Amino acid sequence: MIYIGNHVSVSDGYLEMGRHAAELGGDTFAFFPRNPRGGKSKAVSPEDVRALGEFTAERRFGPLVVHGAYTMNVCAAREEVRANSLEMLRDDLIRLQALPGNLYNFHPGSHVGQGRETGIRQIAEALDAVIRAAEAVSGGPLGNRILLETMAGKGSEIGGCFEDLREILDLTVELGGTERRDQLGVCLDTCHVWDGGYDIRGDLDGVLREFHRVIGLEALRAIHLNDSKNPCGSRKDRHEKLGLGEIGPEALRAVVRHPLLQGLPFILETPNEDEGYRAEIAQVRTWMK
Ligand code: FE
Ligand code: FE
Ligand code: ZN
């Protein structure tokens, strides 16, 4: 089995997110700890966070997949944007120390003309710095695994191929030691890898073999389950509802049922409102059977 859920809003608090996700049929969910386009996150009451932890434990939810703000770019060319992004990442991780055992996913970033190598180094340095900060502030080990998301590779995006992520992981281990291996991982977005040129419709086994060869499947900790509006290799990153895009229902069903992906949390990031998500979660559950 897999865990399935969608993005929910943090606006009514933490416990309410769990209730909302469960009401839609989910047993995991994703949320932005702050406005997805950046900005401040609201103060959170520790009781509310604890209540969500109890709720998800009781309901046997899978790990939650928290999403870092889209505007974060820890390898931006502009120093000011980089510093700001680092601060957001640091603040998110410190905040989430109160909700351990989950996953924190973020977009590696765009190097904006600095070059791939510079970008990769800046991302690894950022990761090392924020992990150290979260541990220093909370006085304990990092409580949540940080995931790098596979990207479509548009513009100067880093993470459009598995090699980019491998290099970031390796460099972070070089900086922080082998314990970094257990603190980091990867979230595979089906729309992004497809747009990035990995044919999960024609050869899912081959793509997973390639992932294992380059990164190692033990690093794969979450799936973003999306269809794509565009053909394989288009590098566009436009999500589509499940089964209505170029990846299609058969291939997405095969992803949900793949033996190597069982036990992972799957998050829908499809263009839907609540009722659409409810229907897609039900659809995924029939695919699981
Ligand atoms: Fe994402
Ligand atoms: Fe995604
Ligand atoms: Zn996307």
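The values are calculated or read from the model by the stated rules, or taken from the named source; none is laboratory data. The structure displayed is predicted, hence computed values, not measured ones. Don't worry about glycine lacking a Cβ; one is built from the backbone with ideal geometry, like all the others, and counts go over all protein chains shown.
Data table
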{"quantity": "Residue ranges of helices (runs of 4 or more DSSP H) in region 162-227 with at least 2 members more than 20 Å from Glu250 (Cα to Cα) and more than 16 Å from ligand 3 (Cβ to nearest atom)", "calculated": "162-176, 180-183, 204-214"}
{"quantity": "Test: residue in region 245-261 that is in contact (Cβ under 8 Å) with a residue 40 or more places away in the chain and either among the basic types (Lys, Arg) or within 16 Å of ligand 1 (Cβ to nearest atom) (or both)", "calculated": "no"}
{"quantity": "Search result, residues across region 196-237 that are among the basic types (Lys, Arg) and under 23 Å from Ser156 (Cβ atoms)", "calculated": "Lys229, Arg235, Lys236"}
{"quantity": "Yes/no for Leu252 being closer than 24 Å to Asn102 by Cα and in contact with a helix residue (DSSP H, G or I) (Cβ under 9 Å, 6 or more places away or on another chain)", "calculated": "no"}
{"quantity": "Residue match in region 126-142 (condition: in contact with a helix residue (DSSP H, G or I) (Cβ under 7 Å, 6 or more places away or on another chain) and at positive phi)", "calculated": "no"}
{"quantity": "Per-region count, region 97-120, residues under 20 Å from the mean Cα position of the chain (by Cα) and more than 16 Å from ligand 2 (Cβ to nearest atom)", "calculated": "9"}
{"quantity": "Only one of Gly185, Gly202, Gly206, Gly196 that is within 16 Å of ligand 1 (Cβ to nearest atom), more than 30 Å from Arg132 (Cβ to Cβ) and not β-branched (Val, Ile, Thr)", "calculated": "Gly196"}
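Residue-wise test of (1) more than 15 Å from ligand 2 (Cβ to nearest atom); (2) at pLDDT below 95; (3) under 19 Å from Val207 (Cα atoms).
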| residue | (1), (2), (3) |
| --- | --- |
| Leu244 | yes, no, no |
| Ile247 | no, no, yes |
| Leu252 | no, no, yes |
| Leu261 | yes, no, yes |
| Glu269 | no, no, no |
| Ala279 | yes, no, no |
| Gln283 | yes, no, no |
| Thr286 | yes, no, no |
